[in-house]
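Shown next, in structure tokens, is the structure this report addresses.
Readers should treat all values here as calculations from the given coordinates under stated rules, not as data from a laboratory. Remember, it's a predicted structure, so these values are computed and weren't measured experimentally. Here the Cβ positions follow ideal geometry from the backbone for every residue, glycine too, while neighbour counts run over all protein chains shown.
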Amino acid sequence: MNVRLTAAKIFLAVLIVGGFFYVSVRFEDPDLGWHVRVGEWISMHRAVPHADEYSHTMKGYRWVDHEWALDAALWSARERGLWAPAVFLFSLAGALPFLYVLFRSRFISQLLIAPLGASAVLPFVGMRPQLFTWMFFALTVWCLGRYCSTRRARFLFLVPALIFIWSNIHAGFFAGMGAVVLVLGSDVIVNRFAVRAETLRNIFVAIVTAVACAIVPLFNPYGVELYGEVFRVLASRDTAAFIAEWRSILFFVEPSIALFFAVSVFLMFVMRRLLAGKNILPAVFLVGAVKAARNWPLYVIVAMLVVIEALEHFENIIEKAQRGRSGGDVVLRRWKYVLACLVFAVSVAFFYQVVRFEGITYPHHAVLYLSRAENRWGNIFNPYEWGGYIENNAPGMRVFIDGRMPHWIAEDGSSAMSDYSSVVYKKDDSWKEVFERRNITTVIAHSVSLPGGEQKNASGITNRIAESSFGLVLRERLEKDTPRDLVGTLRDAGWETVYSDSVAVIMVRPPIDP
């Protein structure tokens, strides 16, 4: 056993899990508040919610909580004083794919991949159900890979069980079903079996597994409605247009993302002949990431699995080429020394990225001010990213919008997300029509003109790509995405400021003349 390699693995494992835990503690996801509040409802009623009880804009709307099991667990953890273990469990679930890649590594060069991948997904880390999707996705891909390499059907039989549990935790199970179809379908097409009976058997097993994976999600509290929810989210234009993680990964200007993309694509392309079609799954999820950034971590997971195999082929080629040559041992030692330095550099970069990570600032004092007289304020307008926080910290107050609602459309065609975008992004007086129709009497807003939260990633790109050809194409879109100075607009319209601090402003509508 290589003691140094094992020590390096343990060090990197602690670094990755510790980094994910630190970020999860510092970054409170905008949706975390409503997850906890819905979990309380589930625990009290011993049922899953069907009608919205937390907003005044979509009151009574029939919705599907595809994360109901985790919501109940979050509420239970908070009530029992187990929040820190819960944060660690989320962190460990998100880190599991990277730990697997780490401990599967046999060469120093392979140790680079886990911290590189962890850095590339760090912007998506937090107390989020998506971290369990990472874990279940990695387990599903592992089972599929083991089946393809061993032809042992028991690995495939585990996949429907994983999909069943996954479908009661997060709607990301749909990505797992896609992986099943892609891997088993490509396996049937690419491989030429010597015996026809074996070919038919593998096709039969693949079809049965795929059908079982499509059926088991129906055994959840919502039944077929769960599939309807998935399709509504995927088809929602407002979700794709205004929510950062549903935009293309191209909108995320992060060096760690660019570096992992370059390294992974280069290695998979160079070693494509030796990988025997294993590039198909990463290629599909890379396309998915270009469409929606929330697919990026899934690309990272499948790409890591392929890249460490490519590096193993690469290391074997180098070792074979240097073996027996004069001075070959010296070259190999220098090569390992350079790789060790690179592993150290990547580890330092990951640590630096972790400690400088910034979360969202929430209006603690402003919400406390609102909660002291909840009945006084009437219908409120709030920033999208503060909706869940308000619901969790001022339970009696209904919000304008929260993270559940971007794809919701009422029977009359109205949408809270559409109205929200009209108020925040349109520079005309359309906000007046929305406020009058929704009877908005109170507004809580950011003290600065940029509402932040969901808009930071888009606006942060402007200076870096404005002069590029890509930037010229996107400039008009980015300018449209720049939010208005809502506080200044309301002040000019005569709204009164009743509370203000460095984070939030609370404004009330002026009296209407009789």
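Within the stretch 246-329, the proportion of Cα pairs with more than 17 Å between them is 52 percent.
In the chain, the DSSP beta bridges split such that about 70 percent are antiparallel, to the nearest 5. Taking the fewest neighbouring Cβ atoms within 10 Å as the starting point, the ordered list for HIS313, HIS407 is HIS313, HIS407. Each residue of the stretch 47-62 was assigned a 3J(HN,Hα) from its phi angle through the Karplus expression (A = 6.51, B = -1.76, C = 1.60, θ = phi - 60°), giving 7, 9, x, 10, 10, 5, 10, 10, 10, 9, 7, 10, 4, x, 4, 7 Hz with x at Gly and Pro.
Taking every C-alpha pair closer than 8 Å and separated by at least 6 residues, the mean separation divided by the residue count of the chain gives a relative contact order of 18 percent. When only alpha carbons are used to place a centre, the stretch 213-244 and the stretch 10-58 end up 19 Å from one another. Phi angles of the stretch 392-409 translate, via the Karplus equation with coefficients 6.51, -1.76, 1.60 and θ = phi - 60°, into HN-Hα couplings of 7, 9, 9, x, x, 9, 8, 9, 6, 7, 9, x, 7, 9, x, 9, 6, 10 Hz per residue; Gly and Pro are given as x.
From least to most packed, judged by other beta carbons within 10 angstrom and beginning with the fewest, LYS9, LYS336, LYS320 follow the order LYS320, LYS336, LYS9.
In loop segments of the stretch 308-411 as defined by DSSP, the GluC sites (Glu not before Pro) with at most 13 further C-beta atoms inside 10 Å of their C-beta are GLU358, GLU411. Ordered by the number of other Cβ atoms lying within 10 Å of each residue's own Cβ, fewest first, ILE165, ILE409 fall into the sequence ILE165, ILE409. Annotation: amide H-H contacts under 5 Å for SER55 (H modelled 1.01 Å from N, sequence separation of 5 or more, or interchain): VAL399.
Taking each DSSP H run with n ≥ 4 as -39500 (n - 2.57) and averaging over every residue of the chain yields -20000 deg cm²/dmol at 222 nm.
Counted residue by residue at 0.36 nm each, then reduced by the alpha carbon distance between them, the extension gain from HIS365 to ASP329 reaches 6.5 nm. Each residue of the stretch 70-83 was assigned a 3J(HN,Hα) from its phi angle through the Karplus expression (A = 6.51, B = -1.76, C = 1.60, θ = phi - 60°), giving 5, 4, 4, 5, 5, 5, 4, 5, 5, 5, 9, x, 10, 5 Hz with x at Gly and Pro. Only one of the values (i) 83, 56, 44; (ii) 96, 50, 48; (iii) 87, 68, 52 was calculated from this structure for Cα extents along the principal axes in Å; name its label. So the structure-derived entry is (ii). From most to least packed by mean Cβ count within 10 Å, the peptides 167-180, 79-92 give 167-180, 79-92. Let me check I've understood the local charge: for GLU67, count other residues with C-beta under 13 angstrom from its C-beta, Lys and Arg +1, Asp and Glu -1. What total comes out? Local charge sum for GLU67: -2.
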